[in-house]
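Remarks on the structure that follows.
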Amino acid sequence: MLPSPVSSNRRGTSQHLHTFSLSNLKRALNLLRARSRFTNLSIVILAGCFGVSFLYNLAFIFSSSTSLLAYTPPQSILSTIARNATLENLSHLVIVPGHAIWTGAQPDQVLDVDRWTLEEYQRGGGSYRISAFVEHIRRGVEITLKDDSSLLVFSGQVSDLGKYVRFANPPSRGQTRLQSTTTEAESYMRLATSLGLFHPDSERTPHETHFLRATTETYALDSYQNFLFSLARFHEITGRYPMQVTIVGYEMKRRRFEELHRTALRFPAHHFEYIGLEPSANEESARIGEVKNGYAPYKLDLYGCHDFLLAKRRARNPFLRFHSYHTSAPELAGLLEWCPDDAEMVYNEPLPWDVYE
């Protein structure tokens with residue numbers, strides 16, 4: 001029996017509806033998938049933009065030049081700091097970089113070669129070289145005593161071990177001193193006190209009164225850090241940065257400080273003075289050594305943070321000491337970390353002494 005026309009028509013309609021439904025379903029699924037792809041892409045783009053913006057803002061906030069968050073040292077540190085009010089208006093920093101360590105304790109031991117730890121190249125100068133160290137100390141104290149607005153900073157870490165660590169066979173006389181942790185700066189302060197330099201017009205007693213306007217900076221590992229770290233140390237003591245800097249050192253190192261270190265720190269030339277005292281009996285040899293091992297390396301590496309000069313810093317820090325200046329002088333954080341791939345590139349962010357220009 002043939003199916004009735006009505007039945008045949010219904011089956012056809014049903015098949016057509018089924019086909020239509022499948023077609024619409026496929027289109028809907030394709031549309032949903034298309035929208036999903038579009039939505040996912042949008043999310044990825046938006047997330048990327050957000051990430052870039054977030055990183056940019058972090059860099060902006062924490063950059064040394066545009067810091068929006070004023071750094072405050074931890075309370076556990078601040079609670080131990082009580083600055084002397086008489087030091088808060090000081091404006092003149094006098095720096096005496098250290099070159100060796102005096103291990104003596106009495107005035108008559110000051111020029112005794114055996115009371116000094118010296119590197120091999122320094123031993124040739126004998127008492128001539130040692131007298132130069134003492135003269136640096138004397139002159140630094142004299143300048144400070146004449147200017148009531150000045151703070152004297154003896155700067156230099158290099159412990160006894162640091163002096164000998166680069167030599168396979170250190171002098172036998174130094175073997176008993178290798179465990180010393182005395183720094184150059186501390187020994188210079190002890191020498192000045194032993195000679196009564198801070199109170200020249202009064203009768204000195206065994207327990208001389210401490211001279212408030214003199215301190216030590218015990219972390220610097222080279223001449224660049226003598227300058228930079230002393231600026232930071234001045235801030236630790238006074239709560240401000242100096243308007244004037246005077247450095248007392250070897251005459252042969254004048255160009256290194258005036259042309260290279262001052263330029264690297266961008267300290268204004270008209271607020272800077274270098275006082276050079278010539279030390280050595282063999283001046284020509286000393287000058288050649290300065291050019292080869294000091295001026296020339298720093299001319300190629302202004303901040304002393306690459307290769308040859310970096311290796312010297314590592315050798316001079318055998319006790320793995322960390323300085324505190326990121327905390328106590330946060331305005332210098334960018335400069336303290338500045339080590340560009342282009343070793344001759346000068347730091348270009350704002351510095352506290354820019355206002356003196």
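None of the figures in this text is laboratory data; all of them are computed from the coordinates on show. As the structure is a prediction and not an experimental result, all values here were calculated from the model. Don't worry about glycine lacking a Cβ; one is built from the backbone with ideal geometry, like all the others, and counts go over all protein chains shown.
The table below gives the values:
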read-out	value
Residues W338, W102, sorted so that the one with the fewest Cβ neighbours within 10 Å comes first	W338, W102
FRET efficiency estimate (nearest 0.05) - Cβ-Cβ, L212 to D341, R0 41 angstrom	0.40
Packing rank of 256-264, 186-194, 148-156, where each peptide gets the mean count of other beta carbons within 10 Å, highest leading	148-156, 186-194, 256-264
Sequence of I137, I77 once ranked by neighbouring C-beta atoms within 10 Å, starting from the fewest	I77, I137
Rounded FRET efficiency, nearest 0.05, which uses the C-beta distance separating Y356 from K146 and R0 of 25 Å	0.70
Hits among aspartates and glutamates - C-alpha to C-alpha of K299 under 14 Å, sequence gap 8 or more where chains match	E258, E259, E290, D307, D342, E344
For region 87-96, Karplus couplings with θ = phi - 60° (6.51, -1.76, 1.60), whole Hz, Gly/Pro x	9, 6, 9, 5, 9, 10, 9, 10, 10, 10
Residues with amide H under 5 Å from that of I101, placed H, sequence gap 5 or more	T117
